[in-house]
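Notes follow the structure.
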Amino acid sequence: MGQVGEKDFWDKLQSAGGVLTAFAVALIGFVSSSFLERQQASETNARLYTELMSRREEAESTLRKDMLMSIVSSFLQPQSESLDTMLLKLELLAYNFHESLNFQPLFLHLQRQIPPDSREYARRLNRVASDIARKQLLVLEGVGKQHPYSVSFKALDASPSGALDFPRASLELAGKTRMFALSVLDVRPKTQEIKVRLSIETPGQPTHEVSEFSVGFFDFPMIDNVRLSEDQRYAIVLNDFGEESAGLTLLYFPGEYASLKERPYLDDVLKKLQESTIQRGS
């Protein structure tokens, strides 16, 4: 009897084990099927979202292209238009394409068209330029470094050397420290421009980079900038121009945040690829 009872027990245990095994297999199959269904649904949603975004961007790009071609072609036509209409078209272009196109020639062209007694048009033109420069300034400040300068016209006139020299500014970006020495050489109230000289000292480089150029309200940092080594850039922005002083901002930022029309130099691209390969290998 004892053997029969034990056999019945083991038979029941094996039967229960078979049931549990079947249940476990069914559970695993259900969980796997549910996971695959959720994954497929997620991939389908992601694909649909990507397609919708691509179509939206394509439609927006087409609209922007058509608007750009229409407005630019009107500037090139010989027919005369009112100054107010030309300013409106410049505003549409500048606010929509300021990151990719250089509108300085158009700003200068319209500035020459404004009569000396039309202060409202001049203020309107300068306001558009200031808005664009401010937008670009905020973007570049977020990814780079900046240093402000306050230029006193009286201090410049009283300078024995004829230049207003500022203390060197040390700015560090992506592990690269550079020393920037700014000097103001001349102030042009009529065109609201400031001529500057900028000397840049980079540790490890035997020579200094020295540049002289003029800065006005129509110089936009994403467009009007100077290339440095290791795909870095700098630009100077004219923030304000008063009767006795002006405000400047030095920007030091990565090259990939220059305008869309800019392309990385081949040596910079190769250097980044080599550094990336070395990092992966280590």
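The values are calculated or read from the model by the stated rules, or taken from the named source; none is laboratory data. Keep in mind that what you see is a predicted model, and the values were worked out from it rather than measured. Heads up, the Cβs are rebuilt from the backbone with ideal geometry, glycines too, and the neighbour counts pull from every protein chain shown.
Go through the residues of the range 199-220 one by one and say whether even a single one is surrounded by 17 or more Cβ atoms within 10 Å (Cβ to Cβ), touching a residue at least 40 places away in the same chain (Cβ under 8 Å) and over 30 Å from residue 115 (Cβ atoms).
Checking the range 199-220: not a single residue is surrounded by 17 or more Cβ atoms within 10 Å (Cβ to Cβ), touching a residue at least 40 places away in the same chain (Cβ under 8 Å) and over 30 Å from residue 115 (Cβ atoms).
Right, residue 174: at pLDDT 95 or above and not acidic (Asp, Glu) or not?
no
Tally time: how many residues in the range 150-173 are loosely packed, with under 12 Cβ neighbours inside 10 Å and part of a loop (DSSP other than H, G, I, E, B)?
Within the range 150-173, residues that are loosely packed, with under 12 Cβ neighbours inside 10 Å and part of a loop (DSSP other than H, G, I, E, B) number 4.
Please go through the range 103-138 and give me each residue that is among the polar types (S, T, N, Q) and in a helix (DSSP H, G or I), ordered by number.
Answer for the range 103-138, where residues must be among the polar types (S, T, N, Q) and in a helix (DSSP H, G or I): 104, 111, 113, 126, 130, 136.
Can you tell me which residue is farthest from residue 149 (Cα to Cα) among those in the range 230-257 that are buried (at least 17 other Cβ atoms within 10 Å of the Cβ) and out of contact with any Leu (no Cβ under 9 Å at 6 or more places or on another chain)?
231
Being in contact with a Pro (Cβ under 9 Å, 6 or more places away or on another chain), more than 19 Å from residue 181 (Cα to Cα) and either surrounded by 14 or more Cβ atoms within 10 Å (Cβ to Cβ) or of a type outside the set (Val, Ile, Thr) (or both) is the filter here; which residues of the range 140-149 pass it?
Answer for the range 140-149, where residues must be in contact with a Pro (Cβ under 9 Å, 6 or more places away or on another chain), more than 19 Å from residue 181 (Cα to Cα) and either surrounded by 14 or more Cβ atoms within 10 Å (Cβ to Cβ) or of a type outside the set (Val, Ile, Thr) (or both): just 140.
Just to be sure I understand the filter: pairs with C-beta atoms under 6 Å, separated by 6 or more residues or on different chains, first member in the range 103-120 and touching a residue at least 60 places away in the same chain (Cβ under 8 Å), second member outside any helix (DSSP H, G or I). Which pairs pass?
Short answer, once both residue conditions are applied: 104/218; 107/218.
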